[in-house]
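The structure under discussion appears below in the form of structure tokens.
The values are calculated or read from the model by the stated rules, or taken from the named source; none is laboratory data. Please read these numbers as outputs of a predicted model, since none were measured by experiment. Cβ coordinates were reconstructed from backbone atoms using ideal geometry, including for glycine residues, and neighbour counts include every protein chain displayed.
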Amino acid sequence: MKLLLILVFLFGCSDFNDEYVPDIKIVFEPNLEKIDDDTYVMDIDENRWQTLHKLDIYIEADNRPVEYASISWHSNLFWVVGDTLGYITSINEDQGRYVSNDTSYIVDFDGSQVPTSNYRSLTGTDGKTSNMIAPVRIMKGDYLYFTYDAWITGYMEGREKTIRIYLK
């Protein structure tokens, strides 16, 4: 009898070791033509300096919308106000490479660059939020590498994904 109680106790307590893992679903909708798993195409308007485009994201956990999920947005392309000759491709957060047809004109990566994406947003009560990207026309022909990093508040879970957008 004692052995039976010990076995029931040991096997019954094993459930306490199972960690709860929320069922998190992130739907990222770039609203662009998809050419492969992680590559999209965005047409650049050559009649304007910037081409604005909205990206949408929806987050749910356990089949319910997540409010206040924090999304960080990062892109690899930057431009400098007043500079129409080139732009900057980031190597990391504080280093970049200047891209231009005229290589005599060089710009330092000094923090005054304008990103092609907003940096942060939060989901609303419906689990949705958006981000605007705004590449400039001299970036045509390059790839914008775009990363979102979603932190799902209350679940202590994060998800990150990078997509590639060809600027056509």
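Quick notes on this one:
- The number of residues in the range 70-103 that are surrounded by fewer than 14 Cβ atoms within 10 Å (Cβ to Cβ) and either under 21 Å from the mean Cα position of the chain (by Cα) or modelled with pLDDT of 90 or more (or both) comes to 5.
- Filtered residue count, the range 122-162, keeping only those that are under 13 Å from the mean Cα position of the chain (by Cα), surrounded by 17 or more Cβ atoms within 10 Å (Cβ to Cβ) and either without any contact (Cβ under 8 Å) to a residue 24 or more places away in the chain or under 15 Å from Lys54 (Cβ atoms) (or both): 6
- Residues in the range 127-153 that are aliphatic (A, V, I, L, M) and assigned to a helix (DSSP H, G or I): Ile138, Met139.
- Looking across Glu19, Glu60, Glu67, Glu46, one residue alone is among the charged types (D, E, K, R), at pLDDT 85 or above, assigned to a loop (DSSP other than H, G, I, E, B) and more than 18 Å from Ile133 (Cα to Cα). It is Glu67.
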